[in-house]
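**Student:** Quick one: the structure is below, and I'll ask about it shortly.
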Amino acid sequence: MKLIVLAPEDDNHTAPIKWALEKAGHRVVCWAGLTWMEDGQASLLIGDNDTLVLGAHSVDPGDVIWVRRPEPPLPNPKTSEPDKKFAALEYRSFYHSIAYFLETLPVWCINRYSAARVMVQKAVQIRLARKCGLKVPATLMSNAPATVKEFFERENSRNICKGFTPHVWQKEGKMTVAITETFELTRSQLPSDEVLTYAPAIYQERVPKEFDVRMVLMGNQIYSYALINKKQALDWRQDAGLGHVAAERIPTPPEVEKGVLEFARQSGLCFGSLDFGVDAKGDWWFLEINEEGQFLWLDQFSPDARLLEKFCAFVTAPQGSTAPLEEREHLFPSLREYEDYVTGREMPEPTRPRTEDPFLSMEA
């Protein structure tokens, strides 16, 4: 058995996890995604013996496939101009064929591509969370000005606005100018009807939260951390990067754990990072799940979390195992040991142009 990570080898989660698993004697290989270059090429043969080869690595029965953050398909830049659109569509279709084909093989996908593509949709995850018994704030997704204004005119309502996707605005040759983040918005602050049609947005009842929770789901194991923001900002992610947030392990209420595990069962996800807001009454409000979400930063904020070791135990256990990850976490080195290892050393150069939005690596 080997772990095949669909991500660049220098990804900020792939690199430490690969190192830790290899230190423990496991085989780990990376495939950054479909490209025209040799290490990004792929072959899928359907016949008497179905085979799939990603770069230099065959996908074998019993392998674990961690769909971390593969790069978008990258066609040969020398393709003639009239053919570039066609080539891009063919590369994208081939990648989708590979991603879905993985689900038909005797391998364990973390997570299945079909489940991930559905659950990345905010509307789907919010509705499913509500169905599974989790508390969810009233949410509107719209580009219709009349509907947006009606939502803001609800009695005694306080509301926030956020985008569907992370985005960074930059000027050439300059650092970041602006990034998307969650902010409070009132009826009087709404722009003109025309501006409201420029981009759809997510409008949501504001949770009067005392603190945020970042939860990490690994199979049937749940780990919750209270995020104490010294600045008490509405969106804690930027403050976390500036050192204004502390993380503390807290117990997950039984009813929340039950709802999250049912959510995982119905969604088909076995791994992900979830965000909750906790109000003064102690109620946990589901905000979102990111099945590719960052989690190792919690080891930096709270070294006793040992999430790197737990994740290594998770991906090396039999699929569907219910054994506590703590039973095997001691088999793997910690994030701190990895950081000591790389101190003063340069990470390998990417083997392909990086297209990842820099904000994504800041997602906490």
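The values are calculated or read from the model by the stated rules, or taken from the named source; none is laboratory data. It should be emphasised that the depicted structure is a prediction, and the values quoted were computed from it without experimental measurement. Note that we place each Cβ from the backbone using ideal geometry, even for glycine, and neighbour counts take in every protein chain shown.
**Student:** Could you check how many residues of the range 183-203 are touching a helix residue (DSSP H, G or I) at 6+ places or on another chain (Cβ under 9 Å) and under 30 Å from Ser267 (Cβ atoms)?
**Tutor:** Counting residues in the range 183-203 that are touching a helix residue (DSSP H, G or I) at 6+ places or on another chain (Cβ under 9 Å) and under 30 Å from Ser267 (Cβ atoms) gives 4.
**Student:** I'm trying to understand the selection: among the residues of the range 121-139, which are surrounded by 15 or more Cβ atoms within 10 Å (Cβ to Cβ) and closer than 20 Å to Thr165 by Cα?
**Tutor:** Scanning the range 121-139 gives Lys122, Gln125, Ile126, Leu128, Ala129, Val136, Pro137, Thr139.
**Student:** Moving on. So, of the residues in the range 79-103 that are polar (S, T, N, Q) and closer than 24 Å to Ser114 by Cα, which turns out to be surrounded by the most Cβ atoms within 10 Å (Cβ to Cβ)?
**Tutor:** In the first step, residues of the range 79-103 are kept if they are polar (S, T, N, Q); the result is 79-80, 93, 97.
In the following step, the residues that additionally are closer than 24 Å to Ser114 by Cα were identified as 93, 97.
Numbers: Ser93: 11, Ser97: 13.
Once the filter is applied, the top-ranked residue is Ser97.
**Student:** Also, quick follow-up: Looking for whichever is surrounded by fewer than 18 Cβ atoms within 10 Å (Cβ to Cβ) and either more than 19 Å from the chain's Cα centre (by Cα) or assigned to a loop (DSSP other than H, G, I, E, B) (or both) here; the options are Ala317, Ala323, Ala313. Which one fits? Break it down stepwise before answering.
**Tutor:** Values: Ala317 fails: surrounded by fewer than 18 Cβ atoms within 10 Å (Cβ to Cβ); Ala313 fails: surrounded by fewer than 18 Cβ atoms within 10 Å (Cβ to Cβ).
Just one listed residue meets the conditions, Ala323.
Residue-wise test of (1) exposed (fewer than 15 other Cβ atoms within 10 Å of the Cβ); (2) in contact (Cβ under 8 Å) with a residue 40 or more places away in the chain.
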| residue | (1), (2) |
| --- | --- |
| Ala280 | yes, yes |
| Glu291 | no, yes |
| Gln294 | no, yes |
| Pro303 | yes, no |
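**Student:** Hey, can you tell me all the residues within the range 31-66 that are modelled with pLDDT of 95 or more, polar (S, T, N, Q) and part of a loop (DSSP other than H, G, I, E, B)?
**Tutor:** The one that is modelled with pLDDT of 95 or more, polar (S, T, N, Q) and part of a loop (DSSP other than H, G, I, E, B): Gln41.
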